[in-house]
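Working notes, beginning with the structure itself.
The values are calculated or read from the model by the stated rules, or taken from the named source; none is laboratory data. These numbers were taken from a predicted model, which means no experiment stands behind them. Glycine also receives a Cβ, built like all others from the backbone with ideal geometry; neighbour counts cover every protein chain displayed. These area figures cover heavy atoms from the full protein model, side chains too; ligands, DNA and RNA do not enter into them. Shrake-Rupley method; radii C 1.70, N 1.55, O 1.52, S 1.80 Å.
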Amino acid sequence: MRIVKHKWGAGAALIAAMTLAGCTLDAVNPGAITEEGLQNELAIAALVNGVIGDYDEAYQRSALYSGLLSDEYRASGSWTWWHDADKIGFIDVNAPDGDLMNIPHHWWNPLSRARFLADETYGRVQEVIENPGQSPLTAMVRLYSGMAYRDIGQFFCVAAYDGGPPVQREQSLQIAKDHLTEAIQVAQAAGVDSIATMAYLQRARINLVMGDLAAAVADAQMVPDGFIWYAHFRNAAGESNDMVFQTNQRVEATVQEPFRETGDPRVPVEDTGEKGADNLTPRWDQMKYGRYENMVLGKWQEARLIEAEVLLSQGQVEPAIVLMNEVRAAAGLEALSTTLSAAEAQAALRQERKYELFLDAHRMIDMRRWGLFPDGWGATCSPLPRSETDNNVNF
């Protein structure tokens, strides 16, 4: 459900004038959604679809901003606040809220909304759906709430939920794990393998970041070859991919140097020969996604790379290379030699993740956990926006 708040102004004066003239404004909206109207499975299914749409909108924003804060995108427009974040690691919470200039504001709000609506819809599912512990609707909404909490934990330095106290990143990631675990259990009870598989992959990401390598491998191994899950976009108001609009059309950001001439088919870019909106930065457009095309939220190749990374940490070089070669074969690339040294294999693993997961909101997280940001670089995570801290008594 979307709640729209209106400001009183000229409309109030018009209403007053009409009232004085003897006009009446009595009206009934026959299509109004009532609380009673939400007490059925069809309405709940619609709410769950809304949760998915809200998360997809937040995801493309995460791909945009995390790409800007990593080495995927280069600020190339007139917004100095983007240049500061991209080039000197400074995120200004006081940047103007217009357009997408204020990074924390325009990143946190859609993600926080997606998280809140997922939790709120979960409560409705429990109240309305018979046997919610065996319902695909429960599994789906818990999957998306888990992903929202994970993104908050991964991308923000600290969180706050529903006006509550500061929540550290590890706490947000643990909440995400709990929700994903429930999604797996319910999906299995409901016989919906795809939801369980996606939840396993998301939980594997968290376990990898949190250092629980055995759990990361166990989860990744539950993801079969060929699996893929999308965020959906289309040519409709509020449903297109704004990341593509900001980069390929407005050119407020462009593909950064490390991804410009890789020769890797997984990193499709184009040298336009033009300049960005700042009339200075060379313009390289990403060609992986179109404005009305779906984006990858999760895929089997990531699972194999998680397994390979853990194997390398255990000194099992050849089995790790075999897994990397599965990923490369799917992209039509030549196999790596199984005689690579441990150091060479580790470098190859990092490059595989860098190219395979290009613009899928992974690079910033990888750079942070591998220590690739310069010392003292502030933009390894985003602060909360003032819209959250100024209105929360705990800050």
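Worth a mention:
- Qualifying residue in region 103-115 (condition: over 19 Å from the mean Cα position of the chain (by Cα) and open to solvent by less than 30 Å² (accessible area, probe 1.4 Å)): no
- Residue, farthest from residue 225 (Cα to Cα), within region 330-358, restricted to residues that are open to solvent by 70 Å² or more (accessible area, probe 1.4 Å) and in a helix (DSSP H, G or I): 343
- Out of 179, 232, sole residue that is open to solvent by 70 Å² or more (accessible area, probe 1.4 Å) and either over 18 Å from residue 144 (Cα atoms) or under 19 Å from the mean Cα position of the chain (by Cα) (or both): 232
- Residue satisfying all of: in region 116-143; open to solvent by less than 10 Å² (accessible area, probe 1.4 Å) and within 16 Å of the chain's Cα centre (by Cα); nearest to residue 81 (Cα to Cα) among these: 118
- Only listed residue being in contact (Cβ under 8 Å) with a residue 60 or more places away in the chain, part of a loop (DSSP other than H, G, I, E, B), of a type outside the set (Lys, Arg) and surrounded by fewer than 22 Cβ atoms within 10 Å (Cβ to Cβ), chosen from 224, 258: 224
- Answer from 267, 322 - the residue that is on the phi < 0 side of the Ramachandran plot, among the hydrophobic types (A, V, I, L, M, F, W, C) and touching a helix residue (DSSP H, G or I) at 6+ places or on another chain (Cβ under 8 Å): 267
- Unmet requirement for residue 298, which otherwise passes all of (1) within 20 Å of residue 65 (Cβ to Cβ); (2) in contact with a Phe, Trp or Tyr (Cβ under 9 Å, 6 or more places away or on another chain); (3) surrounded by fewer than 18 Cβ atoms within 10 Å (Cβ to Cβ); (4) among the small types (Gly, Ala, Ser): (3)
- Of the candidates 273, 263, 238, the single residue that is in a strand (DSSP E or B) and open to solvent by 60 Å² or more (accessible area, probe 1.4 Å) is 273.
- The set of residues from region 147-176 being open to solvent by less than 40 Å² (accessible area, probe 1.4 Å), in a helix (DSSP H, G or I) and β-branched (Val, Ile, Thr) comprises just one member, 152.
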